[in-house]
Structure formats: C-alpha cells, structure tokens
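Every read-out reported here was derived from the displayed coordinates using simple, explicitly stated rules and does not represent laboratory data. Everything numeric in this text was worked out from a predicted model, so none of it was measured. Cβ placement follows ideal geometry from the backbone for every residue including glycine, while neighbour counts extend to all protein chains displayed.
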Amino acid sequence: MLDKSRLRIAMQKSGRLSTDTQQLLEHCGIKINLQQQRLLAFAENMPIDIMRVRDDDIPGLVMDGVVDLGIIGENVLEEELLNRRAQGEDPHYYMLRRLDFGGCRLSLALPLDEPFTGPECLRGKRIATSYPHLLKQYLDKLGVNFKSCLLNGSVEVAPRAGLADAICDLVSTGATLEANGLREVEVIYRSKACLIQSNIELPPAKQALIDKLMVRIQGVIQARE
Ligand code: PRT
Ligand code: ZN
C-alpha cells in the first residue's frame with residue numbers, strides 16, 4: 001500500500017543516469033536496497049521511497065504529482081514539457097538544481113560528404129530524431145521548414161538506411177557519429193541531469209526532508225568539484 005507520508009523519488013532504473021543517481025542518493029546518506037527487478041525500493045533510514053522507471057516516464061510522473069522528486073536529463077524534461085504544451089496542457093514543476101552528471105548535447109549531424117553552411121541548408125530535408133519538439137522549436141525560430149522522422153533508437157543509422165538526410169541526436173564523445181560516417185554541425189541544446197520537484201504543495205515534514213536533502217546534495221556536489 002502506498003504510504004503518502006513518505007517522500008517519493010523517481011530515478012532511471014537502468015541506463016546512463018542510474019549509477020550516478022544511485023551514488024548521489026547514497027552519498028546523501030539514504031540507505032537503499034535496490035533489488036534489480038523491483039519498481040519500488042524503500043530507504044531503511046529515512047521516510048523515502050525510490051521509484052525506478054524508464055527515464056522518459058520521469059517528467060510526467062513529477063508533473064502529474066505521482067512522485068515528489070525526479071532526477072532526469074534536461075533533454076527529456078524539456079521534450080516532455082514541449083510535448084505536453086503541444087497537446088494543450090500547462091505543465092508545472094520546480095527545477096531544484098542542475099546536477100554534475102549526465103552531460104551531453106543534442107546536435108544536428110550530417111553525412112560527412114554533405115556540405116553545411118548553416119541550418120538553412122536543412123530546409124525541406126528529412127531529419128531523424130527522438131526529440132521532435134526540441135528540434136522543431138530550434139528550427140522554427142530560424143524559419144527553417146523540415147520533415148521530421150521520429151525514431152526512438154538507432155537514430156544514427158537513419159541517413160545510411162535512406163530514412164533521413166540528417167539526424168538530431170544526443171552526443172557526448174562524438175564516437176557514435178564518427179563510427180556512422182556523420183559529423184556534428186550544430187548544437188541545438190546542452191543538457192545535464194537535474195533534480196525536479198512536483199508543484200503540488202507538500203506537508204511540512206516532507207518539504208523539510210526535501211530541504212535537508214538539498215543541503216546534502218549541495219555538499220556532495222561541492223565536495224567533488
Ligand atoms: O531505458 P531508458 O528509456 O530509461 O533509457 P534510454 O535508453 O532512453 O536513455 P539512456 O540511458 O541512453 O540515457 C539517459 C540520459 O543520459 C539521456 O536522456 C541524457 O540526458 C543522458 N546522456 C548523456 C546520454 C548520453 N550522454 C549519450 N551519449 N544519452 C544518450 N547518449 C547516447 C546517444 O543517444 C548516442 O546513441 O550515446 C550515443 C552517443 O554517445 P557518444 O559518446 O558516442 O557521442
Ligand atoms: Zn528513455
């Protein structure tokens with residue numbers, strides 16, 4: 001049974017943010033026993049429950065008030081925000097702080113032999129991406145019309161497979177682009193992991209626990225700077 005008096009934190013179950021998130025929570029003194037297959041984990045020493053889900057579900061869980069806090073890449077958060085606004089919703093949450101991991105950039109990339117003199121080169125082209133709203137927001141501001149090809153994985157193979165002329169995907173080292181004969185031509189969004197809070201008002205004890213965690217997170221991040 002769901003205990004509403006306990007603070008609920010959503011984190012990525014398995015992926016690029018999981019280890020850093022788990023470490024951050026542990027360094028804040030939260031003792032959690034994360035059994036591999038469990039959706040929910042309970043802190044032993046504090047009234048905190050950890051919900052472990054796909055990263056894509058985290059912004060919605062926070063915006064809908066299903067969890068109190070979430071740790072998520074700004075790229076996924078911003079895409080979900082734009083997605084909900086496009087559907088006529090007016091989502092809210094509090095950005096508590098940017099974290100010191102999960103850094104990456106969302107970039108436009110083209111096949112090596114394609115010329116590029118600026119984003120207007122992409123006018124009328126088909127661009128494969130998992131971030132259609134962030135891409136549209138960027139190119140709309142520049143007045144560049146394009147065709148979107150939504151892919152939720154293997155975006156980097158789209159040009160070679162004849163599915164798209166260009167891609168818009170996350171990059172960290174650039175090795176994936178290079179291995180696929182692509183070059184990064186424009187950064188459209190820079191992202192890090194961040195901590196967000198639902199905008200639903202919490203009982204004082206829960207809010208006090210969040211405030212205490214924020215002080216600890218600040219300390220943990222400062223100590224490793
Ligand atoms: O299963 P789930 O849905 O939870 O996970 P996921 O597969 O959707 O996400 P995951 O674990 O791959 O990434 C989670 C978050 O990590 C992203 O939303 C970003 O905020 C952050 N992050 C940081 C990255 C990268 N760096 C990154 N390099 N996410 C993805 N990549 C991928 C990129 O898509 C490309 O395929 O890594 C490849 C490029 O890496 P380089 O080093 O070759 O440039
Ligand atoms: Zn995901």
**Under Karplus coefficients 6.51, -1.76 and 1.60, residue-wise ³J(HN,Hα) of region 114-128 in Hz, glycine/proline x** = 8, x, 8, 10, x, x, 5, 4, 8, 4, x, 7, 9, 10, 8
**Fill in**
The ³J(HN,Hα) series, computed from each phi in region 218-225 with the Karplus coefficients 6.51, -1.76 and 1.60 at θ = phi - 60°, rounded to the nearest Hz and given as x for glycine or proline, is 4, x, 4, 5, 4, 5, 9, 6
**Complete:** Expressed in nanometres to one decimal, the distance between label points 7 Å along Cα→Cβ at Leu39 and Asp3 is 1.9 nm
**Hull volume in cubic angstrom per residue (convex hull over the Cα atoms of region 86-213)** = 132 Å³
**Asked** With θ set to phi - 60° and the Karplus curve 6.51 cos²θ - 1.76 cosθ + 1.60, what are the ³J(HN,Hα) couplings of region 47-60 in order, to the nearest whole Hz, using x for Gly and Pro?
**Response** x, 10, 10, 10, 9, 10, 9, 4, 4, 4, 7, 5, x, x
**Request:** Could you list, in their original order, any pairs among Lys13/Lys141; Lys13/Lys125; Lys141/Lys212; Lys4/Lys136; Lys13/Lys212; Lys4/Lys212 whose Cα atoms are separated by more than 29 Å?
**Result:** Lys13/Lys141; Lys13/Lys125; Lys141/Lys212; Lys4/Lys136
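Using 1/(1 + (r/R0)^6) with R0 = 22 angstrom and r between the beta carbons of His27 and Tyr94, what's the FRET efficiency to the nearest 0.05?
Taking R0 as 22 Å, the efficiency between His27 and Tyr94 is 0.50.
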**Prompt:** Which residue fluctuates the most in the chain, going by a Gaussian network model with Cα springs under 10 Å, if the choices are Ala109, Ala43, Ala161?
**Reply:** Ala161
**Message:** Given R₀ = 41 Å, what would the calculated FRET efficiency be for Leu202 paired with Leu142, taking r from the Cβ atoms and rounding to 0.05?
**Reply:** 0.50
**Asked** Amide H to amide H under 5 Å from Phe146: which residues, 5+ apart in sequence or cross-chain, H placed 1.01 Å off N in plane?
**Response** Gly124
**Message:** I need to check one value: relative contact order of the chain, counting alpha carbon pairs closer than 8 Å and at least 6 residues apart, in percent.
**Reply:** 26 percent
**Item:** Dipole magnitude of the chain, debye to nearest 20 (Cβ charges: Lys/Arg +1, Asp/Glu -1, about Cα centre)
**Value:** 280 debye
**Request:** Have a look at Pro203, Pro91, Pro159 and tell me which one the Gaussian network model of the chain (Cα, springs below 10 Å) gives the largest fluctuation.
**Result:** Pro203
